[in-house]
1. Kindly indicate whether V32 is in a strand (DSSP E or B) and out of contact with any Lys or Arg (no Cβ under 7 Å at 6 or more places or on another chain).
2. Give the residues of the range 133-149 that are over 16 Å from the mean Cα position of the chain (by Cα) and under 13 Å from P118 (Cα atoms), sorted by residue number.
3. Give all pairs with beta carbons closer than 7 Å in which a residue from the range 143-167 that is touching a residue at least 12 places away in the same chain (Cβ under 8 Å) meets a residue that is surrounded by fewer than 16 Cβ atoms within 10 Å (Cβ to Cβ) and outside any helix (DSSP H, G or I); count only pairs at least 6 apart in sequence or on separate chains.
4. Test L83 against the criterion of being farther than 26 Å from K139 by Cα and touching a strand residue (DSSP E or B) at 6+ places or on another chain (Cβ under 7 Å), and give yes or no.
5. Test I153 against the stated conditions and say whether it is over 18 Å from I6 (Cβ atoms), touching a Ser or Thr at 6+ places or on another chain (Cβ under 6 Å) and not charged (D, E, K, R).
6. Let me confirm something: among G94, G100, G80, which residue is out of contact with any Phe, Trp or Tyr (no Cβ under 6 Å at 6 or more places or on another chain), farther than 18 Å from V32 by Cβ and not charged (D, E, K, R)?
7. Look at the range 42-62 and say how many of its residues are under 17 Å from N82 (Cα atoms) and crowded, with 22+ Cβ neighbours inside 10 Å.
8. So, in the range 73-85, how many residues would count as being over 14 Å from N50 (Cβ atoms) and in a strand (DSSP E or B)?
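The values are calculated or read from the model by the stated rules, or taken from the named source; none is laboratory data. Bear in mind that the values here come from a model prediction, so they are computed numbers and not experimental data. Neighbour counts run over all protein chains shown; Cβ positions are idealised from the backbone, glycine included.
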Amino acid sequence: MNYKLIGYGSLISHKKWAQYATHKHHFKQVLVKGYKRIFDIKYHGGDVLNVEKSVGHHFNAVMFTITPEELANLKRRESGYNLELCCVHDFKTGKKIGKGYLFIDYINAIEHHKKARPLKEYFKVCREAAYHISKKFGKEWDKTTYTADNEQIYSWLKNNKSFDSIR
């Protein structure tokens, strides 16, 4: 049995995904409604991405089909996260297209911390991958991604220009 997986951070990156894939994958651009993408997990001096349930929010992501072996590899990588099944919608039309699994951390994210910053290199990998898909997809990533203190990345970048590798 294969699994539909939703990539919303570094798994948007084909380069990062290739480290765990056993074969080539087709990515579908999707929206996940009822969740918020947020940099709220401390990791090596910065924050990495997570999602939390949040009525009225959504975020863009990619969805792809993976094998049980690939899922096992990813579970080792994402050891602090749980898999959660959620509804997915087509990125362009907004229409519901099915369900997929996303990695979500309920434990480490409990300790929300104000004024933390995203881990710079991780931030750049995620954001550059989103813009590599398309400018529209990248702009949506900026609008639907938040810092730990709840600031949209779109606004946050104005005061953190060294993180902006997309010019």
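1. Numbers: in a strand (DSSP E or B): yes; out of contact with any Lys or Arg (no Cβ under 7 Å at 6 or more places or on another chain): yes.
Judged against the criteria, V32 is a match.
2. Within the range 133-149, just D149 meets the criteria.
3. Hits for this filter: Y146/Q152; A148/H112; A148/H113; A148/K114; D149/K114; D149/K115; L157/D164.
4. Numbers: farther than 26 Å from K139 by Cα: yes; touching a strand residue (DSSP E or B) at 6+ places or on another chain (Cβ under 7 Å): yes.
Here the answer is yes, as L83 does meet what is asked.
5. Working: over 18 Å from I6 (Cβ atoms): yes; touching a Ser or Thr at 6+ places or on another chain (Cβ under 6 Å): yes; not charged (D, E, K, R): yes.
In short, yes.
6. Values: G94 fails: farther than 18 Å from V32 by Cβ; G100 fails: farther than 18 Å from V32 by Cβ.
Of G94, G100, G80, the one residue that is out of contact with any Phe, Trp or Tyr (no Cβ under 6 Å at 6 or more places or on another chain), farther than 18 Å from V32 by Cβ and not charged (D, E, K, R) is G80.
7. The qualifying residues number 3.
8. 1
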